[in-house]
Structure formats: structure tokens, C-alpha cells
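Accompanying notes for the structure given below.
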Amino acid sequence: QVQLVESGGGLVQPGGSLRLSCAASGITFSIYAMGWYRQAPGKQRELVADISRGGRTDYADSVKGRFTISRDNPKNTVYLQMNSLKPDDTAVYYCHAGYGLVDYWGQGTQVTVSS
């Protein structure tokens, strides 16, 4: 059974930081591209950042320079370090694993940026 379990979300003030984690099980983690998506109320789900199995990263323009994605293959975990958070970053953040035509999603974790 494949599971992607996100953690680390919460309420933070503008300018603050959070680190999201996604622990994977049931897959050969090292061969999967991993990503973080987010969905704000009334908006479509959008890609925030992804990291290939080789470690190449890509970011949405809105988070470049503020967010960092990383992976720890021995721990089957992908992280999203989020700094200088803004109210516009408020959303449910989802972990994604993809390999060819196969993909999996986590259940999501809420991030709220508000004073």
C-alpha cells in the first residue's frame, strides 16, 4: 500500500518559515520524481516545486528564492523549506510522487500565513 504522509503545516505570521515533510512508503522512493503542489480556496492546484530522482529542482516563479525542495532517499522523505512566507502562500500543500504514468498524492497539509 502506497502512502505519502505530509506534516509540518500550520499557522505562521507573514515573514515566517515552515518546513514541510512528506514521508513515503510502499514505493521505491529513489526512482520517483517528487513534488509539492498547493491549492488555495477557489483556485486550481498548482505546482510549487519538484525534484527529479537525480536531484534537479524546479520552482514556480512565485516561490523562487524563498522555498527550497530537497529529498533524503535513505529516509524516503521529501522536504519543502518555506521562508519569507506571504499571505498568498496560504493553501493546502500536497506531496506528489511520479514515475512514468504512475503517480500518487498525499492527503495534504494546511499552511496558513496570517497575522
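What to note about this one:
- A Cβ-based charge dipole, computed about the Cα centre of region 1-65 with Lys and Arg at +1 and Asp and Glu at -1, lands at about 20 debye.
- Per-residue Karplus couplings for region 40-50, computed as 6.51 cos²θ - 1.76 cosθ + 1.60 with θ equal to phi - 60°, are listed in order as 8, x, x, 10, 6, 5, 10, 6, 9, 7, 9 Hz, Gly and Pro entered as x.
- Expressed in units of 2.2 N^0.38 Å, where N is the residue count, the Cα radius of gyration of region 20-74 is 1.21.
- Solvent-accessible ranking of Glu46, Glu6, largest area first, probe 1.4 Å: Glu46, Glu6
- 5 Å binning of all Cα-Cα separations within region 9-115, expressed as whole percents from 0 upward: 2, 13, 25, 25, 18, 10, 5, 1, 0
- Couplings for region 100-115, taken from phi via the Karplus curve 6.51 cos²θ - 1.76 cosθ + 1.60 with θ = phi - 60°, read x, 8, 9, 8, 9, 10, x, 8, x, 9, 7, 10, 10, 10, 7, 8 Hz in order; Gly and Pro are left as x.
- Among Tyr79, Gln1, Val111 - extreme Cα towards positive end, dipole of the chain, charges at beta-carbon: Tyr79
- Rounded to the nearest 20 debye, the dipole size of the chain about its Cα centre is 140 debye, using +1 on the Cβ of Lys and Arg and -1 on the Cβ of Asp and Glu.
- Taken over the Cα atoms of region 47-86, the convex hull encloses 68 Å³ per residue.
The values are calculated or read from the model by the stated rules, or taken from the named source; none is laboratory data. All figures in this text were calculated on a predicted structure; none of them were measured in a lab. Please note: Cβ atoms are built from the backbone with ideal geometry, for glycine as well, and neighbour counts cover all protein chains shown. Areas reflect the complete protein model, heavy atoms only, side chains present, ligands, DNA and RNA absent. Shrake-Rupley method; radii C 1.70, N 1.55, O 1.52, S 1.80 Å.
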